[in-house]
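The values are calculated or read from the model by the stated rules, or taken from the named source; none is laboratory data. Remember, predicted model here, so these are calculated numbers, not experimental data. A quick note on method: Cβ atoms are made from the backbone with ideal geometry, for glycine too, and the neighbour counts reach across all protein chains shown. Remember, those area values only see protein heavy atoms, side chains included, never the ligands or the DNA or RNA. Shrake-Rupley method; radii C 1.70, N 1.55, O 1.52, S 1.80 Å.
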Amino acid sequence: MELRLYDTLSREKRTFVPLDPNNVRMYVCGPTVYDFAHIGNARPVIVFDVLFRLLRHLYGEAHVKYVRNITDVDDKINDRAARDFPGLPLNEAIRKVTEETGRQFHADVDALGALRPSVEPRATEHIAEMREIIERLVKGGFAYVAEDHVLFSPQAMNAANSSLPRYGALSNRSLDEMVAGARVDIAPYKKGNTDFVLWKPSKPGEPSWPSPAGITAEGRPGWHIECSAMAWKHLGEHFDIHGGGIDLVFPHHENEVAQSCCAFHRERMANYWMHNGFLQVESEKMSKSLGNFITIHELLKDWPGEVLRLNMLKTHYRSPIDWTMKSLEESAKTLDDWYRVAADVEPGKPAASVVEPLLDDLNTSLAIAALHSLRGSDVHALAGSLRLLGFLSESAAQWEGRKQQASGVDANEVERLIAERTAARSRKDFGESDRIRDVLVAMGVAIKDSKEGTTWEVVR
Ligand code: AMP
Ligand code: ZN
């Protein structure tokens, strides 16, 4: 069966045909590193990790290249650095913020079971490529210099008589509508009110680099140009898949397409544009002011990363997801069970019943339903399929041990109490045996008696 993916640009599910099956190329917009990533940010990480794993399964590990950038130059980073390290020169403070946040991000996404991408380029290491693209855009008449800024003109792009895509095609908007809807208090140096920044001057003390297009003052890049430059450097002028959250379609991805296609005289930047839906928490938009803003880091204190991963994948990636405690508890129970039956068995080939829904535009909810069916019929295929989806990174004992640790339950103490209870039962002291059971329940431990003896587990 072939892989079919929903493409935001053509607004339909299309069969995936790679430009080169020996070098399948995917770019996903990564984090701006200034603070802990929240659980919404985990969604593209997990969704595109599943796609990465599926592509590796289909084309071979050596034939898939996945690039996810790190944006390490941004006003939010500067503000954070000035706030957190007021005594340090700004550039040093910025380095501290981006390094520390980058480390936290890696720790978080590793715990979610996400493979590291093939390349994780940093924006500040691609300034030369950004300057090069900007030079080309100015020469081609798509961009202009004004007051030490370089601006891209969507109007110039749409006026060009060529095979370029239409500005607005990806986000399905017309330029006229955008012009009409644009803010009126527009920066004076912009010729058109939909023009966007490719390069801007830096204030004293801010990170700065030699400017392109004959500007003498030093400056720094706009956000959109970063991704065009990094995708170009690592994947070429035209590649297979470009992904990110739905909020990035406009203006970020629309602008990326505009920059790359105009600089390289191409009809397309990527052949498939994929966007994950948004995540909200207990039916509300997640925001700092509502007090329901949850970081991955916080969640990982209460839940193993694979529980968060399963919980994310229960919903199809294009649908909105409602992140609830109830659903997390169910995901934890499911994984406890799968670990018990499948973590220590020899993994078989991933089942067709799991792979097929994945091939249909990553239908993970259907794939998970198939996993539930395999649970009762073929635990080897269950194990293989779970591994394909990035689960079962630990043994059953490690999983159980971590659960006990997280719950603060001391396994030796539990064993001691169970031995005491067994002794009480054998001398028919049922009062004492019930008392010990109550102690265990209060500790969060459930026990089960059978012919083979007493087994126990931590109930969350
Ligand atoms: P940002 O750091 O805001 O640029 O976001 C990084 C990635 O997370 C982007 O792909 C966003 O589209 C995605 N993202 C941000 N918030 C959410 C959310 N609440 N739900 C799903 N994806 C999100
Ligand atoms: Zn991007």
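Describe numerically, in nm with one decimal, the distance between label points set 7 Å from Cα along Cα→Cβ at residue 454 and at residue 146.
In this crude label model, residue 454 to residue 146 measures out at 7.9 nm.
Could you tell me what percent of the accessible area of the chain is made up of carbon and sulfur, with a 1.4 Å probe and every protein chain present?
Carbon-and-sulfur percentage of accessible area, whole number: 50.
Round to the nearest 10 and give me the degree value, 0 to 90, for the angle of helix 127-139's Cα axis relative to the longest principal axis of the chain.
That works out to roughly 40 degrees.
Write out the trypsin sites (Lys or Arg not before Pro) in the range 134-232 meeting two conditions: DSSP loop, and at most 10 other Cβ atoms within 10 Å of their Cβ.
Sites meeting the loop and neighbour criteria: 183.
Rounded if a/c is under 1.5, else prolate if a/b is larger than b/c, else oblate: which is the range 4-279, with a ≥ b ≥ c the root eigenvalues of its Cα gyration tensor?
It comes out oblate by the Cα gyration axes.
Taking the 0 to 90 degree range and rounding to the nearest ten, how far is the long axis of helix 430-442 tilted relative to the main principal axis of the chain, both from C-alpha atoms?
The angle comes out at about 10 degrees.
Hull surface divided by four, with the convex hull built on the Cα atoms of the chain: how many nm²?
Taking a quarter of the hull surface, the average projection is 26.3 nm².
Treat every Asp and Glu Cβ in the range 4-279 as -1 and every Lys and Arg Cβ as +1, leave all other atoms uncharged, and give the resulting dipole magnitude about the Cα centre to the nearest 20 debye.
Dipole magnitude for the range 4-279 comes out near 580 debye.
Under unit Cβ charges (Lys, Arg +1; Asp, Glu -1), what dipole magnitude, rounded to 20 debye, does the chain have relative to its Cα centre?
The calculated dipole for the chain is roughly 400 debye.
Accessible area per residue, 1.4 Å probe, Å², for the chain: what's the number?
45
Evaluate the relative contact order of the range 408-458 (contact order divided by residue number), counting alpha-carbon pairs under 8 angstrom at least 6 apart; express in whole percent.
Reported as a whole number, the value is 29 percent.
Once phi is turned into θ = phi - 60°, what whole-Hz ³J(HN,Hα) does the Karplus curve with 6.51, -1.76 and 1.60 give for every residue of the range 140-147, x standing for Gly and Pro?
Result, rounded to whole Hz: x, x, 8, 9, 9, 9, 8, 6.
Quickly work out the residue 166-to-residue 360 label distance, labels modelled 7 Å from Cα along the C-beta direction, and quote it in nm with one decimal.
Going from the residue 360 label point to the residue 166 one covers 3.3 nm.
With each label point set 7 Å from Cα along the Cα-Cβ vector, what nm distance links residue 1 and residue 415?
It works out to 4.6 nm between the two label points.
Tell me what the chain gives for mean residue ellipticity at 222 nm when only DSSP H runs of n ≥ 4 count, each as -39,500 (n - 2.57), the sum divided by the residue total, rounded to 500 deg cm²/dmol.
Working: 17 runs with 207 residues, N = 460.
Mean residue ellipticity at 222 nm (helix-derived): -14000 deg cm²/dmol.
Using all Cα-Cα distances in the range 355-431, what percent lands in each 10 angstrom bin from 0 up to the longest?
Each 10 Å bin holds this share of Cα pairs: 16, 27, 21, 20, 12, 4, 0.
Using alpha-carbon pairs under 8 Å, 6+ residues apart, how would you state the relative contact order of the range 107-188 in percent?
Once normalised by length, the contact order is 12 percent.
Along the range 212-229, what does the Karplus equation 6.51 cos²θ - 1.76 cosθ + 1.60 (θ = phi - 60°) give for ³J(HN,Hα), rounded to whole Hz, x for Gly and Pro?
x, 6, x, 6, 7, 5, 6, x, 8, x, x, 5, 5, 5, 4, 5, 4, 5
Restricting attention to the range 133-182, which GluC sites (Glu not before Pro) occupy a DSSP loop and are surrounded by at most 13 other Cβ atoms within 10 Å?
Within the range 133-182, the qualifying GluC sites (Glu not before Pro) (loop, at most 13 other Cβ atoms within 10 Å) are 147.
How large is ³J(HN,Hα), in whole Hz, for each residue of the range 307-312 in order, when computed from phi with the Karplus curve 6.51 cos²θ - 1.76 cosθ + 1.60 and θ = phi - 60°, using x for Gly and Pro?
5, 5, 4, 4, 4, 5
On a 0 to 90 degree scale, rounded to 10, what angle separates helix 42-59 from the longest Cα axis of the chain?
Approximately 90 degrees, to the nearest 10.
Once Lys and Arg get +1 and Asp and Glu get -1 on their Cβ, which of 67, 283, 253 lies farthest toward the positive end of the dipole of the chain?
Going by the charge dipole, the pick is 253.
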